[in-house]
Amino acid sequence: MELEIYPEYVEGLKDIEKSSHLIVLYWLHLAKRDVLMTKTPFGPELRGVFACRSPSRPNPIAFCVAKFLGRKGNRLLVQGVEAVDGSPLLDLKPYSSDLDCIPGIKIGWLNRTR
């Protein structure tokens, strides 16, 4: 996938090539904004949207950690973003496992083993 950066923000991409992964924040512009309860792929129970990662929510901001593959001018090649074409990009930040990773974190209702 390609993330297109507006020309006026290209200067802010300086040194981005030194990152292997990026935190990508984007707007789920097609999401329903009036949904407060939803089912997840992990079971039939209804969950509150703030207790899960449903794209339908009052403020549909999406967050993901994407693998950074390269840069072509104002376009960033990434892997792992589940946005649809036209989703507005809100922000980018370099991901750091030293700063951003908290080992052992759990979601109480989600009991999965990997």
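The values are calculated or read from the model by the stated rules, or taken from the named source; none is laboratory data. Keep in mind that what you see is a predicted model, and the values were worked out from it rather than measured. Cβ atoms come from the backbone with ideal geometry, glycine included; neighbour counts cover every protein chain shown.
Listing for the model above:
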quantity	calculated
Condition met for Ala51 (under 13 Å from the mean Cα position of the chain (by Cα), at pLDDT below 95 and surrounded by 12 or more Cβ atoms within 10 Å (Cβ to Cβ))	no
Conditions (1) surrounded by 15 or more Cβ atoms within 10 Å (Cβ to Cβ); (2) part of a loop (DSSP other than H, G, I, E, B); (3) not charged (D, E, K, R); number of the one not met by Leu3	(2)
Test: residue in region 55-68 that is among the charged types (D, E, K, R) and surrounded by fewer than 13 Cβ atoms within 10 Å (Cβ to Cβ)	no
Which listed residue is out of contact with any helix residue (DSSP H, G or I) (no Cβ under 9 Å at 6 or more places or on another chain) and either aromatic (Phe, Trp, Tyr) or touching a residue at least 60 places away in the same chain (Cβ under 8 Å) (or both), from Val78, Val49	Val78
Unique residue being exposed (fewer than 11 other Cβ atoms within 10 Å of the Cβ) and among the aliphatic types (A, V, I, L, M) when the list is Leu36, Leu99, Leu30, Leu89	Leu99
